[in-house]
Amino acid sequence: MKILSLPFIIFILIAVACSGPLVQKKQTMEQRLSIFTIGVKDLSAMRAFYEQKFGWTPEAVNKDIVFYKINGSLISFFSARALMEDAKIAYEENSNRHYALGYIVNSEKEVDELFAQLESKGVTIIKRPVKTFFGAYTGYVQDVEGNLWDIGTNPLIPLDAQHNVVTHKDIRHLEQ
């Protein structure tokens, strides 16, 4: 029988310790953000501010919503009243709760699986996923302080291999 040297044993112990936990806990949701949607009272004023003061260029825009690409994600401005309606939450004029964090996956199946996992963990489902008029499939959950997460898939927002937002396709044809 061969006896291992103390330095070799120490090396092995350090290597195992530095490799992370022996049992990896599977995440329900990857630690990323696809879209941050802010509900606004005056979309024109917000566009003017971000485009004229910050010099930002819209990625996609129509009369109802504007998207700006920020690295691998998007920030969007949308009517606060319409955002709350979409989430099936009563609109409150003086509330600062007019936003939603967006998490995009690649398929309706992934959306349904994610909602099932979240529900099994006791996450409050605000609105179950539904198909939208523009082809998205999306629903809402909330965290313990009531912050909204809009989780879904959207054919207008392609993702790269790391699930970063690539772009937002043209939406002018969607104006209602």
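Structure notes:
- Residue in region 74-81 that is of a type outside the set (Phe, Trp, Tyr), over 17 Å from the mean Cα position of the chain (by Cα) and under 21 Å from PRO58 (Cβ atoms) present: yes
- Close pairs (6 angstrom Cβ cut-off, 6 or more residues apart or separate chains): farther than 13 Å from LYS127 by Cα in region 142-170, among the aromatic types (Phe, Trp, Tyr) and surrounded by 14 or more Cβ atoms within 10 Å (Cβ to Cβ) anywhere: THR153/TYR137; HIS168/PHE67
- Just so you know, in region 130-176 the residues that are under 16 Å from the mean Cα position of the chain (by Cα) and of a type in the set (D, E, K, R) include one that is nearest to GLU85 (Cα to Cα), and it is ASP150.
- Among the numbered conditions (1) closer than 18 Å to ASN154 by Cβ; (2) assigned to a loop (DSSP other than H, G, I, E, B), the only one that THR57 does not meet is (1).
So that you can scan it fast, the table gives a plain yes or no per residue for (1) exposed (fewer than 12 other Cβ atoms within 10 Å of the Cβ); (2) assigned to a loop (DSSP other than H, G, I, E, B); (3) in contact with a Ser or Thr (Cβ under 6 Å, 6 or more places away or on another chain); (4) charged (D, E, K, R):
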| site | (1), (2), (3), (4) |
| --- | --- |
| THR37 | no, no, yes, no |
| PHE49 | no, no, no, no |
| ILE75 | no, no, no, no |
| ALA82 | no, no, no, no |
| LYS88 | yes, yes, no, yes |
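- Candidates LYS63, LYS109, LYS69: the one that is assigned to a loop (DSSP other than H, G, I, E, B), at pLDDT 90 or above and either over 13 Å from TRP149 (Cα atoms) or touching a Leu at 6+ places or on another chain (Cβ under 7 Å) (or both) is LYS63.
- Unmet requirement for ARG172, which otherwise passes all of (1) under 27 Å from ALA45 (Cβ atoms); (2) surrounded by 14 or more Cβ atoms within 10 Å (Cβ to Cβ); (3) of a type in the set (Lys, Arg): (2)
- Residue count, region 127-176 (criterion: in contact with a helix residue (DSSP H, G or I) (Cβ under 6 Å, 6 or more places away or on another chain), within 20 Å of ILE70 (Cα to Cα) and of a type in the set (Phe, Trp, Tyr)): 0
- Verdict on VAL105 being farther than 23 Å from LYS63 by Cβ, of a type in the set (Val, Ile, Thr) and more than 12 Å from the chain's Cα centre (by Cα): no
- Considering (1) modelled with pLDDT of 90 or more; (2) among the hydrophobic types (A, V, I, L, M, F, W, C); (3) part of a loop (DSSP other than H, G, I, E, B), the lone condition that VAL130 does not fulfil carries the number (3).
The values are calculated or read from the model by the stated rules, or taken from the named source; none is laboratory data. All of these numbers come straight from a predicted model, not from anything done at the bench. A quick note on method: Cβ atoms are made from the backbone with ideal geometry, for glycine too, and the neighbour counts reach across all protein chains shown.
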